[in-house]
2 protein chains.
Amino acid sequence: MMENNIIVSSRIRLARNLKELAFPSRMTKEEFQKLNLAVKSAIMESNTPFAKTLKYIEMDSVPETEIYAMVERHVISPEFARKCAGKAIVLSEDESICIMLGEEDHIRIQVVKSGLSLEKCYDIAERLDTLLCDKLHFAFNSQFGYLTACPTNLGTGLRASVMLHLPLLEATKQISLISESVNKIGFTVRGIYGEGTSGEASLYQLSNQITLGISEKEALGNLTTITEQIIEKENDARASADKLALEDSVFRSFGILSNARKLTSEELMKYLSLIKLGASMGILDIDNNLPDKILVMGGPNMIMRKYGIMEPVERDIKRAELVRDMLTKGKTNEI
Amino acid sequence: MMENNIIVSSRIRLARNLKELAFPSRMTKEEFQKLNLAVKSAIMESNTPFAKTLKYIEMDSVPETEIYAMVERHVISPEFARKCAGKAIVLSEDESICIMLGEEDHIRIQVVKSGLSLEKCYDIAERLDTLLCDKLHFAFNSQFGYLTACPTNLGTGLRASVMLHLPLLEATKQISLISESVNKIGFTVRGIYGEGTSGEASLYQLSNQITLGISEKEALGNLTTITEQIIEKENDARASADKLALEDSVFRSFGILSNARKLTSEELMKYLSLIKLGASMGILDIDNNLPDKILVMGGPNMIMRKYGIMEPVERDIKRAELVRDMLTKGKTNEI
């Protein structure tokens with residue numbers, strides 16, 4: 001399988017709930033505090049070097065811009081960001097690990113790594129699961145497995161996903177057919193910010209839907225197989241595309257991004273996707289990970305986190321500045 | 001008057017006819033030969049250093065690609081190019097002087113110089129006129145002046161014009177209003193390849209229409225005055241334009257032209273116009289004359305003259321290559 005930088009990242013999410021509390025949708029303010037304290041203590045008390053790399057953060061202490069910047073960095077879910085008053089997270093230094101407390105479930109362990117690294121992510125998530133399980137009482141049923149707020153997570157509570165860059169499957173309109181067919185076998189394809197979002201920058205998240213009556217290993221294995229099939233289709237589409245038109249689009253996108261004086265988020269995503277395609281196909285000589293980095297750094301709240309609160313027009317100017325700067329540096333050396 | 005590189009070039013054209021021949025539309029093949037020979041001899045016999053810089057060229061000896069490349073370089077008219085079998089021209093080394101024989105009139109003396117240089121062009125045209133007049137018998141009427149095939153040239157036979165770059169008057173749709181109002185006072189605004197062509201690359205040719213009952217000096221003076229007024233309007237429009245949007249368009253155009261892998265003539269003209277605007281407004285640091293040079297070099301026949309006969313698709317690739325090359329060199333040193 002020619003991977004071609006099509007797999008941007010892998011993500012594991014485990015949903016866990018405490019026996020003694022109602023599900024978050026019916027929890028009181030005091031119960032959220034109880035939840036926060038229970039998880040915080042479990043981590044602190046474990047006192048391992050691993051646990052010491054994690055930081056407990058109360059969302060009320062985080063400025064709004066930073067909250068939405070965290071969404072743009074895929075650290076927390078948009079759903080959690082919208083209703084995070086009185087809630088908390090546990091975060092690793094590099095933000096690859098985030099435990100959201102009081103999202104849809106009491107505990108959502110999330111581990112994200114770049115490229116195809118489902119096993120690695122799962123190993124880390126399992127370690128956290130064990131660490132928490134030692135101190136807390138998870139709602140578990142011997143017949144069903146882990147109990148969750150939504151029945152779609154019942155069983156393993158595991159959602160494994162890969163973020164895929166599929167510009168040619170998108171351009172050739174194959175993506176909706178693929179989406180339909182993977183749905184039938186228990187997988188979902190959706191936009192980069194999760195449920196209900198579209199495939200911006202041609203990025204699509206492929207994840208398992210089945211959590212009941214299947215082991216974690218099987219779930220990861222199936223996801224890997226489907227991922228390989230989709231990558232093959234994307235590669236086929238790349239191979240049969242009009243090479244000249246593709247090269248032209250890639251270089252024009254590079255020309256626009258490295259020269260524009262104002263850039264909307266939508267434009268940035270559109271052109272970055274083409275640059276990313278160009279980098280992975282060897283058309284454009286830039287660091288393969290640079291487009292992904294620029295995509296995150298160019299988010300509206302990431303811009304405001306860096307330069308301060310500002311109007312959309314000013315943000316478009318700052319975004320263009322930042323992108324020019326990152327692209328210029330990225331052509332010669334690592335950012 | 002802030003000229004701002006708005007005047008691309010100045011052009012003088014004198015129409016003259018020989019007493020002893022019918023107008024070209026009714027001439028036989030033998031009469032064209034007679035005309036060619038008469039003019040050729042007049043120039044050769046004058047034997048001055050000036051006349052020695054001129055070259056007599058029979059159009060039958062010029063390859064078709066080169067004929068249309070001459071149109072793209074504004075050396076001959078499209079009308080002359082279409083019907084040039086058996087005809088001839090007299091051309092200076094730098095192509096700033098061209099005498100077309102057997103176009104609409106027997107003799108069309110054309111002198112073109114860059115920038116505002118109507119007087120200079122007129123001086124040269126007058127010298128040629130005198131040189132030819134010494135040896136030939138021009139059709140001249142003491143009441144009307146020079147007799148011409150079309151009554152619109154009767155009198156001085158002089159057409160003076162300036163090629164203007166008017167991107168903001170075009171964008172703000174003022175150009176058609178200006179065109180209407182100058183028409184009323186005996187001037188015409190039209191596209192760069194003369195009558196019946198549109199304003200490609202936002203280039204417009206402003207010329208006098210009145211040749212009867214007016215001296216050459218007056219005609220040039222009036223044209224200069226109108227030119228100054230139009231330049232002022234273009235400068236006003238530039239001053240009141242959205243600066244950010246303008247800069248953004250200029251830089252994006254530069255980015256596209258210096259990166260594209262295929263370029264149509266239409267795209268080249270569109271983006272070059274913006275780059276030219278950027279250069280003249282000090283937004284873009286490139287040689288002010290570079291866009292004009294690229295515009296000429298990028299013409300379909302100019303491309304084929306350089307790289308050989310080819311299909312439009314291949315031409316678009318070669319055009320993109322040439323433009324990238326010229327822009328890269330032009331940023332640091334003169335081409």
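Scaling the Cα radius of gyration of segment B:221-317 by the globular reference 2.2 N^0.38 Å produces a ratio of 1.28. Specify the angular offset, from 0 to 90 degrees and rounded to the nearest 10, of the alpha carbon long axis of helix B:216-239 from the longest principal axis of the alpha carbons in chain B. Around 10 degrees separate the two axes. Cross-link check: pairs A:233/A:329; A:55/A:217; A:270/B:293; A:329/B:262; B:19/B:135 evaluated at a Cα-Cα cut-off of 23 Å; pairs beyond the cut-off: A:233/A:329; A:55/A:217; A:270/B:293; A:329/B:262. In the assembly of identical copies, residue B:288 has its label point, taken 7 Å from Cα in the direction of the beta carbon, separated from the corresponding points by 5.0 nm (ascending, one decimal).
Summing Cβ point charges (Lys, Arg +1; Asp, Glu -1) relative to the Cα centre of segment B:140-226 gives a dipole of roughly 80 debye.
Could you work out the mean count of beta carbons from other protein chains within 10 Å of each residue's beta carbon in A:262-271?
Details: counts 6, 2, 0, 0, 0, 0, 0, 0, 0, 0.
For this peptide, the per-residue mean of nearby foreign Cβ atoms is 1.
Residue A:120 label point (Cα plus 7 Å toward Cβ) to equivalent points in the other copies: 6.7 nm, shortest first. So what is log10(I(q)/I(0)) for segment B:1-50 at q = 0.13, 0.26, 0.28, 0.31 1/Å, when the Debye sum runs over its Cα atoms only? Rounded to two decimals, the profile gives -0.55, -1.07, -1.11, -1.16.
Rounded to the nearest 10 degrees, the angle from helix B:175-184 to the longest Cα principal axis of chain B is 30 degrees.
What are the semi-axes of the equivalent ellipsoid for segment A:1-140, taken as the square roots of 5 times the Cα gyration tensor eigenvalues, largest first, in whole Å? Walk me through the intermediate numbers first.
Numbers: eigenvalues 122, 68, 39 Å².
Three semi-axes, in Å: 25, 18, 14.
For segment B:167-267, what value does the Rg/Rh ratio take when both radii are computed over Cα atoms and Rh is the Kirkwood radius, given to two decimals? When Rh is taken as the Kirkwood radius, the ratio is 1.06.
Normalised Debye scattering of segment B:109-150 at q = 0.15 Å⁻¹ gives log10 I(q)/I(0) of -0.49, counting only Cα atoms as equal scatterers and leaving out solvent. For label points placed 7 Å from Cα toward Cβ, what is the shortest-first list of nm distances from residue B:152 to its copies? Here residue B:152 shows inter-copy label distances of 7.1 nm.
How much net charge surrounds residue B:38 when only the other residues with a Cβ under 12 Å from the Cβ of residue B:38 are counted, with Lys and Arg +1 and Asp and Glu -1? Neighbour charge sum, excluding residue B:38 itself: +2. How many angstrom lie between the C-alpha centres of segment B:1-54 and segment A:121-188? The distance from the Cα centre of segment B:1-54 to that of segment A:121-188 comes to 83 Å. Basic side chains Lys and Arg get +1 at the Cβ, acidic Asp and Glu get -1 at the Cβ, and with that the dipole of segment B:67-153 about its Cα centre reaches some 200 debye.
Kirkwood hydrodynamic radius (Cα pairs, Å) of the protein assembly as shown? Please report the intermediate quantities before stating the final value.
Details: mean 1/r = 0.0330 Å⁻¹.
Value: 30.3 Å, from the Cα pair sum.
The simple Förster model, with R0 at 60 Å and r as the Cβ-Cβ distance, assigns residue A:64 and residue B:137 a FRET efficiency of 0.10. Per-residue shielding of A:246-256, expressed as the average number of other chain Cβ atoms within 10 Å of the residue Cβ, stands at 6. The helix-based estimate of mean residue ellipticity at 222 nm for chain A, built from -39,500 (n - 2.57) per DSSP H run of four or more residues and divided by its residue count, is -15000 deg cm²/dmol to the nearest 500.
Within chain A, all pairs of alpha-carbon atoms sorted by distance into 10 Å bins from zero give the percentages 5, 24, 31, 24, 12, 2, 0. The angle between the Cα long axis of helix A:265-280 and the longest principal axis of the Cα atoms of chain A comes to about 80 degrees, rounded to the nearest 10. When you count the other C-beta atoms within 10 angstrom of each residue and take the mean per peptide, B:265-274, A:214-223, A:82-91 line up highest first as B:265-274, A:82-91, A:214-223.
Values quoted throughout were computed directly from the atomic coordinates according to the rules given, and no laboratory measurement underlies them. From a predicted model like this one, the values you see are computed outputs, not experimental measurements. As a convention, Cβ positions derive from the backbone with ideal geometry for all residues, glycine included, and neighbour counts pool all protein chains shown.
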